[in-house]
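Following: one structure in structure tokens, then a few remarks.
The values are calculated or read from the model by the stated rules, or taken from the named source; none is laboratory data. None of the values given here were measured: they were computed from a predicted structure. Because the Cβ atoms are built from the backbone with ideal geometry, glycine has one as well, and the counts that use them run over all protein chains shown.
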């Protein structure tokens, strides 16, 4: 335990020393581009906090969900031989359910890249 | 999977299949009637398959799920309630714009989750069932997305329910770390044998208790109830009040039967305090409300308090008393929230007390049914609610739990006051200042469902023997 | 090298749980609340893995996968609700979205 504590203390001291010393010894300047993210590169354009289209959210969400389903398929694959036919049928049902939900997503227009077609359908329902 | 196991699981499989079929049907042809038909067919098929499964019960399907008579009984209860909610939802969503088919799909999935809950003997399956139920419920509570209150209720429910689930999970994780198993039976045995860190186990059980208590909306974990009940579409409120609480009660009952009544006195005292608080807080706050959905929400908190009394004071009677009380409570809650959804108009729900003014003169049939439901909630004789309360009191006298009994009696009187307030406003003359939200058109299916429920309530109130025999064979068969 | 004792793992999970809970209680931006919920769920999942390692059973890891899946589904629904709310109320402040009494 002791060496670890000494090490932590040493790290603290070194880091603190670096910050304090550079504060007193280092030079300071304040030019036109000092505050920019790339002081000597491309001038950045606009704010980083721009709003993304909600379609991206949908795609991201679909990715997260279907991505996780892959975990189950992988864990089946690992024990493929032990599970035999019974396991095969179970994963078959699982994938069939996934396919069914994919069909649903396709039909309601969740997979469309742009909004127009979906808007049309929504208008129909209303 | 052997054939017997497949047969035993068939009620659950059929409901899951129905959800899938409704989803596929919705992707090709959007129709409220078609979706309702498929949903009802699914529920009917799984109800029929219950009889099929009863022949092979009890069957343990993997360590996760046990289909015994208790599970079958509660599955029947859950599926019937789900079907009733589907019928109520048909009329309700017919009046409103937006997608309708997904309601049935989510409803079926939530019911499937509840079905898994009532049949589980393992914490992993409990978690899966619980989450299937609650995640579907988040979407259902926030279903009318044009209504900000519905969205707000959905978000609130999501945040609070996830916190409570995390507590439950963490508790289970600690128990698993200490005991090395997640099966209910083995855990109870190991805890009884002792030889592990008491404080850790007790703390873990308390965490699990928080998760369960939240679902049942017992004080002090009741804060979400009024908001969620108010914001959710009325048929969904009916579902939250009945199926999700009923399924959790079944889990509690299963644990109770496993422990075999050997609960330490300190725990009993704590539960008594919670029960008394739930009754008083629910009833007293209900007195202050003008919104019918909120009144009913607080009343449901109080009713879960009564239900807890049945657990505490029931002794050997407990499983029977709890189940009977739960059925009476579920039928009446379904009826009252169903009534709110049936008489709601196009623009908004009939939730203010003044929306009900003069209802009796405009729609005598609905008003009569509503009054019968409220009487049953209050526990007036000749209704199912009375028999439920009678069970409670009889069990309590048997055990000599006088403090609890006293609170039950005082609270019944308190409850009567606000139930009668609703009834009185229905018979009052209509205030012509503002046209109420009540719908002019009649939802035929919804009204028929409610009439059937009302008949059921009175039938159970007058001739309870049949149901009692059924309950006995279910709970004693464990 | 000796393995990490179980209690250390549980302690870490407990601390994470506390961090998540504090986040849910303190944060007002609903997105951060959702993130804190995620931390809470995952701390429980970590506790399951630690517990499973103690008994050398796969059960802990199976529950872990369940929890991760469920958390993803929850976030999907949660974000959909947040998205709809933002569309109607133009705010992510949890306090602003409080139309109901109590």
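Consider residue B:145 carefully, then state whether it is within 8 Å of chain C (Cβ to nearest Cβ), outside any helix (DSSP H, G or I) and surrounded by fewer than 20 Cβ atoms within 10 Å (Cβ to Cβ). It is true that residue B:145 is within 8 Å of chain C (Cβ to nearest Cβ), outside any helix (DSSP H, G or I) and surrounded by fewer than 20 Cβ atoms within 10 Å (Cβ to Cβ).
Within the stretch B:13-33, the set of residues being more than 13 Å from every other protein chain (Cβ to nearest Cβ) and in contact (Cβ under 8 Å) with a residue 40 or more places away in the chain comprises B:15, B:33.
Of the residues C:92, C:37, the single one that is touching a residue at least 24 places away in the same chain (Cβ under 8 Å) and within 7 Å of chain B (Cβ to nearest Cβ) is C:37.
Among the numbered conditions (1) part of a loop (DSSP other than H, G, I, E, B); (2) under 27 Å from residue B:67 (Cα atoms); (3) away from chain C (no Cβ under 13 Å), the only one that residue B:114 does not meet is (1).
Take the conditions facing chain C (nearest Cβ under 9 Å), over 22 Å from the mean Cα position of the chain (by Cα) and at pLDDT below 95 and apply them to residue B:199. Does it pass? Spell out how you get there, then give the answer.
On the way: facing chain C (nearest Cβ under 9 Å): no; over 22 Å from the mean Cα position of the chain (by Cα): yes; at pLDDT below 95: yes.
Judged against the criteria, residue B:199 is not a match.
Pairs linking a residue in the stretch A:48-65 that is at the interface with chain C (Cβ under 9 Å from one of its Cβ atoms) and in a helix (DSSP H, G or I) to a residue that is exposed (fewer than 14 other Cβ atoms within 10 Å of the Cβ) and modelled with pLDDT under 75, with Cβ atoms under 9 Å and 6 or more positions apart or on different chains, are A:54/A:115. When the stretch B:148-159 is filtered for residues that are facing another protein chain (nearest Cβ under 9 Å) and either over 15 Å from residue C:36 (Cα atoms) or surrounded by fewer than 24 Cβ atoms within 10 Å (Cβ to Cβ) (or both), the ones remaining, listed by number, are B:148, B:149, B:151, B:152, B:153, B:154, B:156, B:159. Scanning the stretch C:50-68 for residues that are more than 9 Å from chain B (Cβ to nearest Cβ) and either surrounded by fewer than 18 Cβ atoms within 10 Å (Cβ to Cβ) or on the phi > 0 side of the Ramachandran plot (or both) yields a total of 6.
Across the stretch B:321-344, a minimum of one residue is classified as in a helix (DSSP H, G or I) and within 23 Å of residue B:265 (Cα to Cα). Of the residues that make up the stretch B:6-17, is at least one buried (at least 24 other Cβ atoms within 10 Å of the Cβ) and outside any helix (DSSP H, G or I)? No, the stretch B:6-17 contains no residue that is buried (at least 24 other Cβ atoms within 10 Å of the Cβ) and outside any helix (DSSP H, G or I).
Taking the condition touching a residue at least 60 places away in the same chain (Cβ under 8 Å), away from chain C (no Cβ under 14 Å) and surrounded by fewer than 24 Cβ atoms within 10 Å (Cβ to Cβ), does residue B:276 pass?
Yes, satisfied.
Return a yes/no flag: does the stretch B:60-83 have any residue that is part of a strand (DSSP E or B) and farther than 18 Å from residue B:257 by Cβ. Yes.
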